[in-house]
């Protein structure tokens with residue numbers, strides 16, 4: 001599994017490596033395989049959810065792909081690592097995350113293939129225009145406004161809670177507007193929000209077509225589901241075989257290795 005390589009503590013000012021950008025935080029470099037590395041902080045990082053979503057969405061080389069709320073840019077990086085001819089548009093509202101994503105793209109040599117826009121996804125019309133994308137993806141805020149304990153970190157609140165940033169309806173509406181006819185909107189969410197999510201997709205005129213539930217072990221309840229919805233297609237949902245991270249003996253499954261591309 002990709003892991004921590006090293007820490008870059010304090011304020012970073014190296015012009016050669018960091019393009020003169022200063023961050024008042026600690027940055028670490030994560031190895032994501034295939035010679036690619038991602039810069040992350042405690043506020044802007046990633047986990048298995050992001051790997052699963054990048055794998056589940058799997059853009060084709062010639063598609064126009066967009067990642068909403070890209071954070072540190074992990075999903076575009078994984079896509080470009082796996083598809084050498086792919087170009088991706090990424091939208092992120094938090095400046096620190098935008099800088100991380102841009103520097104990671106440069107670090108990996110794909111700055112000409114990943115364009116990171118510092119913007120609110122609700123302003124999508126001013127960034128990419130309608131009916132331009134084959135694929136839109138997002139790892140959205142999981143928790144509804146006013147629910148659960150709010151993090152002390154503003155960045156974490158925006159990433160995790162609707163109402164602190166955007167709502168899932170905002171995301172779905174942006175995806176509908178950006179997508180071409182037949183285009184795919186891929187995202188992950190918490191199983192307890194499934195009913196809400198399906199209702200919102202209907203409001204946004206998106207049709208759910210594929211759903212996959214992710215489990216830590218064969219006998220555990222799912223901690224996540226992934227969904228592909230489409231624009232302008234007929235109804236009909238296919239429930240895919242579940243993703244299971246570890247087998248009964250605690251070993252990583254072949255599905256897990258495939259998602260992480262551990263052989264690369």
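Between residue 217 and residue 31, the simple label model (points 7 Å from Cα in the Cβ direction) yields a spacing of 2.9 nm. Ordering of 190-199, 177-186 by packing is 177-186, 190-199, highest average first (other Cβ atoms within 10 Å, averaged per residue). Viscosity 0.692 mPa s, temperature 37 °C: Stokes-Einstein D of region 45-260 from its Kirkwood Cα radius, in µm² per second? This corresponds to a translational diffusion coefficient of 187 µm²/s. For the peptides 232-241, 114-123, residues were scored by their other Cβ atoms within 10 Å and the scores averaged per peptide; the highest-first order is 114-123, 232-241. Based on Cα contacts under 8 Å between residues 6+ apart, region 45-260 shows a relative contact order of 17 percent.
Every number in this text was worked out from the coordinates using simple rules, so none of it is lab data. What you see is a predicted model; the values in this text were computed from it and never measured. So basically every Cβ, Gly included, is an ideal-geometry build from the backbone, and we count neighbours across all protein chains shown.
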